[in-house]
1. Report, by residue number, each residue of the stretch 1-26 that is small (Gly, Ala, Ser) and assigned to a helix (DSSP H, G or I).
2. For residues that are among the aliphatic types (A, V, I, L, M) and over 13 Å from Asp6 (Cα atoms), scanning just the stretch 74-91, find the one that is modelled with the lowest pLDDT.
3. Before we move on, is His94 modelled with pLDDT of 90 or more and touching a Leu at 6+ places or on another chain (Cβ under 9 Å)?
4. Mind checking which pairs have a first residue in the stretch 107-132 that is under 13 Å from Leu85 (Cα atoms) and a second that is at pLDDT 90 or above and assigned to a strand (DSSP E or B), Cβ under 7 Å, 6 or more apart or different chains?
5. Quickly run through the stretch 17-39 and pick out the residues that are among the aliphatic types (A, V, I, L, M) and either over 16 Å from the mean Cα position of the chain (by Cα) or at pLDDT 95 or above (or both).
6. List the number of the failed condition for Leu101; all other conditions in (1) touching a His at 6+ places or on another chain (Cβ under 9 Å); (2) under 25 Å from Pro21 (Cα atoms); (3) without any contact (Cβ under 8 Å) to a residue 60 or more places away in the chain hold.
7. Take the conditions in contact with a Leu (Cβ under 9 Å, 6 or more places away or on another chain) and touching a residue at least 24 places away in the same chain (Cβ under 8 Å) and apply them to Leu85. Does it pass?
Amino acid sequence: MKYLIDTQALAYYLYAGKQLPETVKDFIDDYVNKGYVSVVSLHEMVVKNAKKQIIVPEPITKVIPHIKDANLEIIPVNVHHIVRLETLEREAIHKDPFDRLLIAQCIDERLTFITSDGKAKLYEKYGLDYIQYELN
């Protein structure tokens, strides 16, 4: 299965493993699955860490090698994701602009979204496939 891990799950996976359920960690660690991290998540980490809204204990230049060591591939945002985002913006179901763009990427790239956000289900009608988990 190809999946995109959301920013919160990525931060917990890399830095606070106890917060993430074992089933999610096992899923990410399973090399049968192909995991992706969006450059949007890197941007979100920088912005939210500066505002003390998410704790990432090292600069983003140190985060990137950890992502690669976890066998996760970083994907860019492209024009197709922005076009998809525009279709989602008509309803603005989700208030977080980072999450909306992650969702647009998942739909466009046909990636399963790994998230704890209950609003993911509202995007099923757009073709979002997701796995929702609860934090420990």
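The values are calculated or read from the model by the stated rules, or taken from the named source; none is laboratory data. The structure displayed is predicted, hence computed values, not measured ones. A quick note on method: Cβ atoms are made from the backbone with ideal geometry, for glycine too, and the neighbour counts reach across all protein chains shown.
1. If the condition is that a residue be small (Gly, Ala, Ser) and assigned to a helix (DSSP H, G or I), then Ala9, Ala11, Gly17 are the ones that fit.
2. Among them, the one singled out is Leu88.
3. Here the answer is no, as His94 does not meet what is asked.
4. Leu128/Phe113
5. Matches in the stretch 17-39: Val32, Val37, Val39.
6. The one condition Leu101 does not meet is (3).
7. So Leu85 fails the test.
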